[in-house]
Amino acid sequence: MSAGAARLSAAAVSAVPLALLVAVWLGFDTRAGAPMFQAVEDLPWIPTLGVGWRLGVDGIALVVATMSALLFLAAAAWPIELGERARQYYAWILFLEGVSLGVFLALDLLLFYVFFDLSLVGMYFLIGRWGHGDSQAAALKFFLYTLAGSLAILLAVLGLVLADGGPLTFDMRELIARQPLADGGLRAGLVLLGFVFGFGIKTPLFPVHTWLPPAHVQAPAPASAILAGVLLKMGTYGLIRIPLAMMSETFARYAIWIGIIALVSILWGALVALGQKDMKRRIAYTSVNHMGYTVLGIAAAGSLIVGHEAARQLALTGAVVEMVAHGLITGSLFLMTGAFWQRTKEYSLASYGGLAGLAPKLTAAFILAAFASLGLPGLAGFVAEFQIFAGTFAVHPWLAGLALIGILLTAALFLTMVRSIFFGKRKLPDGTSAFADLRGAEITVLTVLLALVVLIGVWPAWLLDPITASARALIGGAG
Amino acid sequence: MAIGDVVPEIALVVAAVAALLLASFVTHERQGWCALVALIGLGASFFACVLQFTDAPKLSFSGAWVLDGAAIWARLLIAGGTALVVTMTPGWMRSDRRHGEYYALLLLSAAGAMLMAGAADLLELSVGVLLSSITGYTLAAYHRAWSISVEAGVKYFLIGAFANTLLMIGVTLIFGMLGSTRYDAIAVRMSEGASASPLLVIGAGLTILGIAFKMGAVPVHSWMPDVAEGAPAPSAAFLTVVPKIGAAVALARVVMLFPVDLIDLRPLIAVLAALTMTLGNLAALWQSDLRRLLGWSSVSQSGYALVAVAVIGRTSGALPALIFFLLGYAAANLTAFAVVTHLRGRTRIEDYAGLWRQRPWVAFALILALFSLVGIPPLGGFVGKLTVFLAAIDGGYGWLAALAVANTVASLFYYLRVIGPAYFAAPGSDVWTLSRGSGVAVLLASALIIALGVGAALLLSPLQGHDFLIIAEAG
């Protein structure tokens, strides 16, 4: 099988889960009183430990999983020169897709952990084998950091399921209903710490984000897109799904601290991104910033401050929309950096200038994605950030106020990046004379992703409905 | 007194004698037949153990011998693990002049490990430890013309002689203070109000040290990396796995023997566990020799087994966790050494670079084994660690579980130092394999790693039905 045929079949295979998820979406019941988790599948796996093969979605899982499936399709379809071993590359992409969707669809804590860990394995081999530069060191760092996080999560999971002395079960629905650590105390604090540490590494939050830039820079572009678009979401998704939902009182007690960490990540990510001279590193650091918004929204949503249910729901909805928006936007941005790498093997911002005339389609797509990322109204990023900030202002006004500085910084860093690459004096990296514009497959992929970014920006209702239904179930109150 | 209770051991001894006799009569090129004899003996032993599950737990041979779930499971593991070692051996030993005798030693050593697991009497335990040790020294130094092998054997012997002496002193002290070496009698004495005299405490401590030697636990662990590196590869596979199984169960039994209010040995075990896994991991970090690395990793894995021992009796999950952990560890470690054997003992980590492109299935088995040792789901090692963590938290040793997690992260680093080049790098020199037998061993052991993870439910439910025979009630 040639590389092209491998790419086509990988794209075809990855279209299947997308189609299935869209079908579930169309049948998803968002009315009040509908069950929180739908399309549930429940089979015993290790009954003595209360572990089962339990899958299903609520609105949050549904939208994040669907976005992930779309991004995997985009990553598989994105043209990339692999040389030899193309089939193995696509096999790993599909493996990663399977386990990543498993993370979002799992309704069993242990199954969640299994998929979570397997996603590390898949990414490790993708970065180490098909990356460039010192890719093995980056892959190693990625694996070590995130395994440390996942093991902290495992301990926290065990602490949680053993907490109330009831029959052992890893069933998420049961645990959400039981709230095993409702009494608080040291144990509840430690369990929460385990979750926040583990998911914080994955998200990534300051100061445990340092694995991210090397992993992003050395990875092949589609893998970077998946890393940013899908794998980082596992952190924030996990925060919502487990500590926020299963130990809401403990989460509320420490929510302000989580919010402060999120604020530091927002500012730190934006500031460091601003200082980067390498486009991929710069985009990588904006992920720290954007995921910080998401965590800020989650922290506000989990604050349990009486009388603010509507605002907290708004913050949670915004956090989930940010996950989807960041996946689509940063996924496109990373795929486009792949287009740069394919053409010139160079990421340095200083090497480029005035590309707008040479590659107008790339310029248009990049500018659109960059504007969406900095939160321009009418695009997906704005919908997300507006809701997060509106919700957070009601709960923790000074946190939201300080976090707004991050928006200014991201605007500055994206605008300077766009200016230096596409405008000004025409410049290309040493040794290259030509720079081809986007080609057919690249245009198709980016069009789909960016069309959704615009669609969410101008007509977000279709996305908000399922999320709001779940936010209502999680937070309560009118909505 | 029923001979039927020791059929599994008798099968091993009979097979050992048969193999030895056969070895002295057949020509050198037919010595491989002895492997077949050994496999038959191990098979018979295995099935005899399976049949024993239907019996109620009991003491036998005047209280020297115990037949409970833990003992039967340990003996199943010992027989199965030894059979895998036998499978990988014939190719390796083909040119050795004493090929056939090797199997007799393996079988006797396995019988020693079984004795440890089933001992309900401190003297019986000592006999098991000694039988397992003496045969072990010979297995380690089997290539007597090869200095590294002899060095491994001598080091094993020196530490072993020391540890065995301590064990004997410990047993003597306990006997002196309590007047019996039988577990049921000891339990009765203590329930009648024996005091925790310093001599008794020292005796218990020394006994634990003697058993810890067979597990390769701190502070009597330092033979393990040398044996892993220098012993013949099948011996290394055997010695890092099989005695550990018997010793871990024996240790758990001794810990259970001493009541918490008199002498609680669990904190001591917990400290040993912490030291063992940390030291083993730190030492493994920068090894450049795969076999030595596996040896140090075996030390650290003993630490995880000790975590399960440290909560024995404090949670019903401790014993199933111990057995399942040993099972997962045995499968993974045997796979790793089977790969080493199959690749004719190639041992430097850099020699494994690019193995994926030359021998993808062998490389796959190695990666599987190492990932299982890390505890990546859904492999057997993951379920083992999961149950150990679960038991540790449930038994009130959450800090030990946290330390085990930190160690797991450190261990990933050195396992990836092997996995990375094996998968990513360009191949070096040609790769030669040993024999069909070693290939089969790789295949079987690695299939077991996956089966243990995916089919964990099939084993965990029966495991949870078994527990130690509570000696005090029996007495």
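The values are calculated or read from the model by the stated rules, or taken from the named source; none is laboratory data. Everything quoted here is computed from the prediction, not taken from an experiment. In this analysis, Cβ positions are derived from the backbone assuming ideal geometry, glycine residues included, and neighbour counts consider all displayed protein chains. These accessible areas exclude ligands, DNA and RNA; they are computed on the full protein's heavy atoms, side chains included. Shrake-Rupley method; radii C 1.70, N 1.55, O 1.52, S 1.80 Å.
One quarter of the convex hull surface built on the alpha carbon atoms of the stretch A:165-213 amounts to 4.6 nm², the projected area averaged over directions. Between helix B:99-118 and chain B there is an angle of about 30 degrees, using the helix long axis and the longest principal axis of the Cα atoms. For the stretch B:255-404, the equivalent ellipsoid built from the Cα gyration tensor has semi-axes of 32, 15, 11 Å, listed from largest to smallest.
Here's the picture: charge each Lys and Arg Cβ at +1 and each Asp and Glu Cβ at -1 in the stretch A:1-122, and of A:GLN88, A:LEU71, A:LEU55 the one pushed furthest to the positive end of that dipole is A:GLN88.
Restricting things to alpha carbons, find the Rg to Rh ratio for chain A using the Kirkwood radius for Rh. Mind showing how you got there, number by number?
Details: Rg = 21.2 Å, Rh = 22.1 Å.
Across chain A, the Cα-based Rg/Rh ratio is 0.96.
Against the criterion of solvent-accessible heavy-atom surface with a 1.4 angstrom probe, B:LYS58, A:LYS361, A:LYS427, B:LYS244 sort, most first, into A:LYS361, A:LYS427, B:LYS58, B:LYS244. Only protein chains counted, 1.4 angstrom probe. Which residues of the stretch B:372-389 are at least 30 Å² less accessible in the assembly than when their chain is isolated? For the stretch B:372-389, once contacts with the other chains are taken into account, B:ILE376, B:PRO377, B:PRO378, B:PHE382, B:LEU386, B:PHE389 lose 30 Å² or more.
Translational diffusion coefficient, Stokes-Einstein: compute it for chain B using the Kirkwood radius over C-alpha pairs as Rh, at 4 °C and 1.567 mPa s, and state it as an integer in µm² s⁻¹. It would help to have the intermediate numbers written out before the result.
Values: Rh = 21.9 Å.
D = 59 µm²/s.
Counting only Cα atoms, the stretch B:36-114 measures 47, 21, 16 Å along its principal axes, largest extent leading. Estimated translational diffusion coefficient (Stokes-Einstein, Kirkwood radius over Cα pairs, 4 °C, 1.567 mPa s) of the stretch A:109-182: 93 µm² per second. Accessible area buried by the pairing of A and B, both sides summed with a 1.4 Å probe, works out to roughly 3100 Å².
Measure off, as a whole percent, the carbon and sulfur share of the 1.4 Å-probe accessible area of the stretch B:246-306, all protein chains present. List each step's numbers first, then the result.
Numbers: 1100 of 1540 Å².
Carbon and sulfur atoms account for 71 percent of the accessible area of the stretch B:246-306.
With contributions of -39500 (n - 2.57) from each DSSP H run of at least four residues, the per-residue ellipticity at 222 nm computed over chain A stands at -24000 deg cm²/dmol. When Rg and Dmax are taken over the Cα atoms of the stretch A:68-205, they come to 17.7, 58 Å. Each peptide in B:114-120, A:164-170 receives the mean, over its residues, of other Cβ atoms within 10 Å, and ordering these scores from highest gives B:114-120, A:164-170.
Between B:THR27 and B:ILE148, 0.36 nm times their residue separation minus their Cα-Cα distance comes to what? Let's see the in-between values first.
Details: separation 121, 0.36 × 121 = 43.56 nm, distance 2.82 nm.
Stretched fully, the B:THR27-B:ILE148 segment lengthens by 40.7 nm.
For chain A, take the longest principal axis of its alpha carbons; what is the angle in degrees between that and the long axis of helix A:3-26, to the nearest 10 within 0 to 90? Between the helix axis and the principal axis of chain A, the angle is about 40 degrees.
Per residue, chain B reaches -25000 deg cm²/dmol at 222 nm when only DSSP H runs of four or more residues are counted, each adding -39500 (n - 2.57). Sort the stretch B:394-475 into rounded, prolate or oblate with this rule: let a ≥ b ≥ c be the square roots of the eigenvalues of the Cα gyration tensor; rounded if a/c is under 1.5, and if a/c is not under 1.5, prolate when a/b is larger than b/c, oblate otherwise. Oblate, since a/c reaches 1.5 and b/c is not below a/b.
A simple rule links phi to the HN-Hα coupling: the Karplus curve 6.51 cos²θ - 1.76 cosθ + 1.60 with θ = phi - 60°, which for the stretch B:387-402 gives 5, 5, 4, 4, 5, 4, 5, 5, x, x, 10, x, 5, 5, 4, 5 Hz, with x for Gly and Pro.
Taking the convex hull of the alpha carbon positions in the stretch A:127-238 and averaging its projected area over all directions gives 7.7 nm².
Across peptide A:110-117, the average count of Cβ atoms from other chains found within 10 Å of a residue's Cβ is 3.
Of the residues B:ALA330, B:ILE349, B:GLN301, the one whose Cα sits farthest toward the positive end of the charge dipole of chain B, with +1 on the Cβ of Lys and Arg and -1 on the Cβ of Asp and Glu, is B:ILE349.
Given R0 = 45 Å, the distance between the Cβ atoms of B:SER461 and B:ALA426 translates into a calculated FRET efficiency of 0.45.
Can you give me the accessible area per residue for the protein assembly as shown, using a 1.4 Å probe, in Å²? Mind dumping the intermediate values first?
Numbers: 30420 Å² over 954 residues.
Per-residue value: 32 Å².
Per residue, the convex hull spanned by the Cα atoms of the stretch B:179-309 amounts to 96 cubic angstrom. In the stretch A:148-171, the residues whose accessible area drops by at least 50 square angstrom when the other protein chains are added to the isolated chain are A:LEU151, A:LEU155, A:LEU158, A:LEU162; the probe is 1.4 Å and only protein heavy atoms count. The distance separating the Cα centre of the stretch A:27-52 from that of the stretch B:407-421 comes to 36 Å. Working from Cα pairs under 8 Å separated by at least six residues, relative contact order for the stretch B:320-437 is 41 percent.
The Cα trace of the stretch A:1-136 gives Rg and Dmax of 16.9, 54 Å, the first to one decimal, the second as a whole number. With every protein chain in place and a 1.4 angstrom probe, the accessible-area ranking of B:LYS155, A:LYS425, largest first, reads A:LYS425, B:LYS155.
For q values of 0.16, 0.17 Å⁻¹, compute log₁₀ I(q)/I(0) with the Debye formula on a Cα-only model of the stretch A:320-479, without solvent. Each listed q maps to, in turn, -0.93, -1.01. Note on the protein assembly as shown: along the principal axes its Cα atoms extend 89, 63, 45 Å, ordered by decreasing extent.
To the nearest ten degrees, helix B:33-52 and the longest principal axis of the Cα atoms of chain B are 40 degrees apart. Taking all protein chains as present, what is the carbon and sulfur share of the accessible area of the stretch B:326-458, in % to the nearest whole number, probe 1.4 Å? Exposed carbon and sulfur together represent 67 percent of the surface.
Across the stretch A:191-298, Cα-Cα pairs more than 22 Å apart make up 27 percent of the total. Contact with the other protein chains removes 40 Å² or more of accessible area, compared with the isolated chain and a 1.4 Å probe, from these residues of the stretch B:404-434: B:VAL405, B:VAL409, B:LEU412, B:PHE413, B:LEU416, B:TYR423, B:PHE424.
The aspartates and glutamates within cross-link reach of A:LYS280, meaning a Cα-to-Cα straight distance under 17 Å and a gap of 8 or more places when in the same chain, are A:ASP134, A:GLU346. Please state the Cα pair-distance histogram of the stretch A:256-363 with 10 angstrom bins from zero: what percent is in each bin? Values per bin, smallest distances first: 15, 35, 27, 16, 7, 1.
Ordered from largest to smallest accessible area (heavy atoms of protein chains, 1.4 Å probe), the residues A:TRP398, A:TRP268, B:TRP361, B:TRP73 come out as B:TRP361, A:TRP398, A:TRP268, B:TRP73. Quick one: grab the alpha carbon gyration tensor of the stretch B:80-182, order the square roots of its eigenvalues as a ≥ b ≥ c, and give me rounded if a/c is under 1.5, else prolate or oblate depending on whether a/b is larger than b/c. It comes out oblate by the Cα gyration axes. Charges were assigned to the Cβ only: +1 to each Lys and Arg, -1 to each Asp and Glu. The resulting dipole of chain B about its Cα centre is roughly 1080 debye.
When you restrict to C-alpha pairs under 8 Å that are six or more residues apart and normalise by the size of the stretch B:193-249, the relative contact order lands at 31 percent. Oblate is the label for the stretch A:386-479, because a/c, from the alpha-carbon gyration tensor with a ≥ b ≥ c as root eigenvalues, is 1.5 or above and a/b does not exceed b/c. Semi-axes of the equivalent ellipsoid of the stretch A:321-372 are 22, 13, 9 Å, computed as sqrt(5λ) over the eigenvalues of the C-alpha gyration tensor in descending order.
Counting only protein heavy atoms and a 1.4 Å probe, tell me what percentage of the stretch A:88-183's accessible area is made up of carbon and sulfur. Write down the numbers at each step before the final one.
Values: 1350 of 2260 Å².
Answer for the stretch A:88-183 is 60 percent, counting heavy atoms of protein chains only.
In a fully extended conformation the segment linking B:ARG97 and B:SER288 would gain 65.6 nm over its present Cα-Cα distance, using 0.36 nm per residue.
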